[in-house]
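Encoded as structure tokens, the structure appears first; notes follow it.
The values are calculated or read from the model by the stated rules, or taken from the named source; none is laboratory data. Predicted model only: the values in this text are computed from it and were never measured. Here the Cβ positions follow ideal geometry from the backbone for every residue, glycine too, while neighbour counts run over all protein chains shown.
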Amino acid sequence: SEETMSLPKDFLWGGATAANQYEGGWNECGRGLANVDVTPWGPDRRKVMSGTAGVHSLDDSHFYPGLEAVDFYHHYKEDIALFAEMGFKVFRMSIAWSRIFPKGDEEEPNEEGLRFYEDVFRELKKHNIEPLVTITHFDCPMYLITEYGGWKNPKLIEFYKRLCQVLFTRFRPYVKWWLTFNEINMILHLPFMGAGLEFEEGEDREKAKYLAAHNELLASAWAVKIGHEVNPENMIGCMVAAGEFYPYSPMPEDVFLAQQKERENLMFIDVQARGEYPAYAKKLFERMGLDLGMTPEQEALLKDNPVDFISFSYYTSRCVSTRPDAGEQVGNAFKGVKNPYLKASDWGWAIDPLGLRTTMNSLYDRYQKPLFIVENGLGAKDVPDADGRVQDDYRIEYLQRHLQAMKDAVELDGIPLLGYTAWGCIDLVSASTGEMSKRYGFIYVDRDDQGHGTLKRLKKKSFDWYKKVIATNGEDL
Ligand code: BG6
């Protein structure tokens, strides 16, 4: 029937951003310095993000793209009007923690910071756009890193709870959709970015990462608890960097490795969605000699506060192998081998629309909770033509194919899906590379890798295309 063969009427179409890559205004309204501010563009970036670069501060020898980013701080009215023109029903953004608590451990929040977000939410409301707010998207006040050691210190749970209490209470009239931590599994790959970890000489890095992850998982459960207490209508989700792991060959060792890699990532979601660590995680910790020191109260906290839905990012599937002949390891955060059946983006990310459908099925089979695709898109080099127009047919094609796969997962496989927010709906700074030239947007922003440009916004060809997709609720791709 008509009803079962289309996306739900209230499907949340929109776009996604994050403060650390979009907002800028790093020293406006009393905001404190954050890890993402001191993460430079260029060859030192990777070291900083991995927590192996020692103590950071801003210096003259680097360019720091996150400080100004693309200045949503001063452009939010203009940007939101453009999102509204495309017909967005939802807009994903994140809160800069250090704008609310500049150092992170204060008792009282920064009024000016709260007012900025209130203004943004009012503007969204004016256009009937629902905010979807990520509480933490790769950001942590620098003070909590230098004074407390980042997320490996359980004190951060208390500071995060304070942040949550303030956000849920203050923004109750505006925000119903929340995510606790962006790509929580990224801790294992980029621990300074994911958890404010800076490793010391000789430190057991694996232990530190899992300890930090554990503290974030407890904090996440607190967020769910507090969020539901403040407003029972709040919908609070977890967020995983997803993308099915394929075995490179049918060799049992490859198949087993793919399963292990999957579990490495889904372990976090297992805790957030099912309320306890899976057996394989407990065994891993035992082998590592890691004692989480979990109390019965903490066990109950996790058990009693599972998330309401599972959100995820999907850019690519992954391919892994134990075979030496499978080729070199590729990929920036997630290492794997090249899948010989797929073409890749200019940054080497394999393009795999069917992989999205597979991923959705795996996540739904495992958790049986509604899904929300909160990131997907193609990072590409866009060059405006003589008329200032970006003809991004390659992006339209990528999105068309992924949206078709998404619809198949809903219409043919019966997966409950709450919405879809395209990543970087307006060009912003790339998380992995710090580049501006890795663009995802429907809206072009005039700024280059070194921060030159007018910050002027221009609609790309994909702008009109996405507008049509939303207007037809995905019927006309
Ligand atoms: C996800 C992040 O990893 O992918 C975003 O949640 C990020 O912050 C996005 O920007 C795309 O990755 P990149 O490296 O191309 O910006």
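The table below lists the values:
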item: Close pairs (6 angstrom Cβ cut-off, 6 or more residues apart or separate chains): on the phi > 0 side of the Ramachandran plot in segment 432-449, within 15 Å of the ligand (Cβ to nearest atom) anywhere; result: Gly434/Trp41; Gly434/Arg45; Gly434/Pro65
item: Criterion violated by Ile80 - all others in (1) of a type in the set (A, V, I, L, M, F, W, C); (2) touching an Asp or Glu at 6+ places or on another chain (Cβ under 6 Å); (3) farther than 21 Å from Thr134 by Cβ satisfied; result: (3)
item: Unmet requirement for Gly227, which otherwise passes all of (1) farther than 19 Å from Lys152 by Cα; (2) within 16 Å of the ligand (Cβ to nearest atom); (3) buried (at least 22 other Cβ atoms within 10 Å of the Cβ); result: (2)
item: Complete set of residues in segment 232-260 that are more than 24 Å from the chain's Cα centre (by Cα) and either without any contact (Cβ under 8 Å) to a residue 12 or more places away in the chain or crowded, with 17+ Cβ neighbours inside 10 Å (or both); result: Pro232, Pro247, Tyr248, Pro250, Pro252, Asp254, Val255, Phe256, Leu257
item: Members of segment 312-329 found to be under 21 Å from the mean Cα position of the chain (by Cα) and either part of a strand (DSSP E or B) or more than 13 Å from the ligand (Cβ to nearest atom) (or both), listed by number; result: Phe312, Ser313, Ser317, Arg318
item: Condition met for Leu33 (in contact with a Gly (Cβ under 8 Å, 6 or more places away or on another chain) and either modelled with pLDDT of 95 or more or of a type outside the set (A, V, I, L, M) (or both)); result: no
item: Verdict on Trp41 being in a loop (DSSP other than H, G, I, E, B), aromatic (Phe, Trp, Tyr) and free of Cβ contacts under 8 Å to residues at least 60 places away in the same chain; result: no
item: Output for segment 427-439, where each listed residue is touching a helix residue (DSSP H, G or I) at 6+ places or on another chain (Cβ under 8 Å), surrounded by 24 or more Cβ atoms within 10 Å (Cβ to Cβ) and not small (Gly, Ala, Ser); result: Leu428, Val429
item: Single condition Ala333 does not satisfy, out of (1) in contact (Cβ under 8 Å) with a residue 24 or more places away in the chain; (2) surrounded by fewer than 15 Cβ atoms within 10 Å (Cβ to Cβ); (3) within 16 Å of the ligand (Cβ to nearest atom); (4) more than 28 Å from Phe88 (Cα to Cα); result: (2)
item: Scope segment 336-353; condition within 15 Å of the ligand (Cβ to nearest atom), in a loop (DSSP other than H, G, I, E, B) and surrounded by fewer than 16 Cβ atoms within 10 Å (Cβ to Cβ); matching residues; result: Asp346, Gly348
item: Scan of segment 401-426 for residues that are more than 16 Å from the ligand (Cβ to nearest atom), of a type outside the set (Lys, Arg) and surrounded by 14 or more Cβ atoms within 10 Å (Cβ to Cβ), ordered by number; result: Leu403, Gln404, Ala405, Met406, Asp408, Ala409, Val410, Glu411, Ile415, Leu417, Leu418, Gly419
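Quick grid of which residues meet (1) in a loop (DSSP other than H, G, I, E, B); (2) surrounded by fewer than 16 Cβ atoms within 10 Å (Cβ to Cβ); (3) away from the ligand (no atom under 16 Å from the Cβ):
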site	(1), (2), (3)
His74	no, yes, yes
Glu85	no, yes, yes
Phe88	yes, no, yes
Pro102	yes, no, yes
Glu106	yes, yes, yes
Gly113	no, no, yes
